Amino acid sequence: MKNINILPSNVANKIAAGEVVERPASIVKELVENSIDGQSSVIEVFIENGGKDKIEVVDNGVGIKSEDVHLAFKRHATSKIENEKDLESIISLGFRGEALPSIAAVSKVEVLTKTSDDELGVRYKIDGGIDEHLNSAPANKGTRFVVQDLFFNTPARKKFLKTTATELGYITDLMGRFVLCNPDISFKLYHNNRRLIASTGNGSLKQAISDVLGTSAAENALKVDNQSSKIDIQGYVVKPSITKSNRSGQFIFINNRIVRSKLLSKALEDGYKTLLPQNRYPLAVLKINLPPEGIDVNVHPSKQEVKFDNERIVYQSLKAAVDSSLLEKPLVTEYKYTNVSKNLQKEKTNPETSKQPSNKELNTFTSKPKNVNNTEKQLSYLEKLTQDLQIHEEAPKEAPTSKPMKEDTPSQKSDQLISRSSLPQKAEAKQQEIINPFFTTLQILGQFSETYVICKDSDNLYLIDQHAAQEKIFYEKAINQLGNQVAIQGIIPESIKLNGAQIQIVDENADTLKKLGFDLEIMDGNNILVRGLPFFVNKSISIQLLIDSLEDIFLDDELNSLKKFKEAILALISCKGAIKANHKLSHKEMTSLLEQLSLISNPYSCPHGRPTVVSLDKKSIEKMFKRVK
């Protein structure tokens, strides 16, 4: 065994930096928190190449005293605490005295700072933990940090950095959290000289929610105000009609500190229990204030993990606050319909779709029916069955009358992305090669629960999931064009406002989006002009929702090939745009659905692997009725 040695300070600092500086966003977090602790009212962040090349943070805070600048880069040097007792009541964001020496150990740093008492500022340079020089320089009150060439002296760390878009995504998310946590501070974020975030700093949390999560979230935000002697919870929860596929819309702050806590997420989501569909997550911005002695933030150098003295009280208080806000006003979902023939007509509420489907689905295949011996119960059972099962007579052989099919199709979701009219019509279907003739032999009996098309042949009953089936039709039709430019349908140009991360995604993936059928142009002020959409996308969609849906896919590092990338996008759009459950179909629409299934190569499962059709053979039915053993 080798002798035990004390590591040189430069080596020790590089090792310690691994705990504090994980990626560019880690540096932004530490520097911005220093600016907040320094009583800044305006904080500007300038990023180049996702922060891998340059990070610059400028504030108008109190600045650093000239005699303290050099000391600030010494390990465990801090102005936030003085003794062990201070650890029990930490109110500042920083306190460990590790951030600046850790950053300086793995990058090239320049700081320019000035206090109101000094005539001149101080400029200090340090490269890789080695002092360069310190001198006086003209400066405005406040501090400017410039961090360049991150991990230039630790190539093993540098190679693990992600793409520019991914690293920028972390920074943008972080800055959004700062905006929400500190609505009284004006934040600006620039990437490669393009402004991505600009908050007003007017103190309005509702305005901050609009800036970060969008106007729809702000308009549907419900105020939370729960105060007690032990805990104070303020903020907003968003109505359950607006959700996300992940927890990226959850912002919970403890004593003005950005934290991540499974306990807090669980309390929030339990407050929404029974109000959200499976695998959907609520949006919320909540600020929790606790006595400093009741929370331990000294768990990890990142200071994002926290421990509570009394987890039960924190959990129960947060859940109760969410419950109270959600129950204060009726959470009636607005049902809207889209007029396909008028792309820009505003959505109107359709009162006929306001009836929710029953939570108790009728199981007509139960092997042990409950007591239905008396006539009244049998009639009630049959009445319920006929309400839920639409029986259709055979379609007329002649051409239909001049009465057109309604174009104003009611929809319980505003995210119908894919146009039903984009499917092959009957005449078109006949001209295409039938790959699976099985579907052309089925006789349509009706629709169950406005979700499943019921069919039969000579020996079997079939249930076809209308959503999964149409999802697969759209997907296969689009996937067949993967090698080519997806056809673009022109629309009336529409301007959409995006957030900074979305603008960056559109900019960096412009060619891919073009190949996928999106005709987009980036305008000033984080706006894009939409001139065209893929052929299979409904012209009357919420384009904002479409971009929101694409965001997670573009940031998925596991999609490492263009083909996988396109397939993931097409699967997502197909799923969101297909006919929804609880959607009534005419006999003509059901017939068209079966014809289209016959034209695709694998109509038996959706892109996510769920079955599109299930069967029940005659023998199984006879066993249910005890006709055979």
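Laboratory data are not the source of any read-out in this text; all were calculated from the coordinates shown. Nothing here was measured: the structure is a model prediction, and the numbers come from that model. Glycine also receives a Cβ, built like all others from the backbone with ideal geometry; neighbour counts cover every protein chain displayed.
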Determine ³J(HN,Hα), in whole Hz, for all residues of the stretch 211-222 in sequence, where each value follows from phi through the Karplus function 6.51 cos²θ - 1.76 cosθ + 1.60 and θ = phi - 60°; x replaces Gly and Pro. 5, 9, 9, x, 5, 4, 5, 5, 5, 9, 7, 10
Output ³J(HN,Hα) for the stretch 520-531: one whole-Hz value per residue in order, computed from phi by the Karplus curve 6.51 cos²θ - 1.76 cosθ + 1.60 with θ = phi - 60°, and x for Gly and Pro. 10, 9, 7, 10, 6, x, 6, 10, 10, 9, 9, 10
5 angstrom amide H check on residue 600, placed H, neighbours 5+ away: 435, 436
Efficiency of FRET from Cβ geometry, residue 141 and residue 276, R₀ 56 Å, rounded to 0.05: 0.70
Loop sites in the stretch 117-176: chymotrypsin sites (Phe, Trp or Tyr not before Pro), DSSP, at most 15 other Cβ within 10 Å: 152, 160
Using the Kirkwood formula on alpha carbons, the hydrodynamic radius of the stretch 206-328 in angstrom works out to 14.6
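Given the pairs 266/319; 54/158; 230/307; 52/108; 29/239; 206/239, which span a C-alpha to C-alpha distance of over 18 angstrom in this model?
Over 18 Å apart, Cα to Cα: 29/239.
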Could you tell me which of the pairs 472/515; 114/162; 65/159 are separated by over 28 angstrom between their Cα atoms in the structure shown? 114/162; 65/159
With labels modelled as points extended 7 Å from the Cα through the Cβ direction, what inter-label distance (nm, one decimal) is found for residue 480 paired with residue 601? 1.0
Under 5 Å between amide H atoms, partner at least 5 residues away or on a different chain: which partners does residue 196 have, H built in plane at 1.01 Å? 189, 190, 191
So for 175, 624, fewest C-beta neighbours within 10 Å to most, what's the order? 624, 175
For the stretch 206-328, what is the charge dipole size about the Cα centre, in debye to the nearest 20, if Lys and Arg each add +1 at the Cβ and Asp and Glu each add -1 at the Cβ? 320
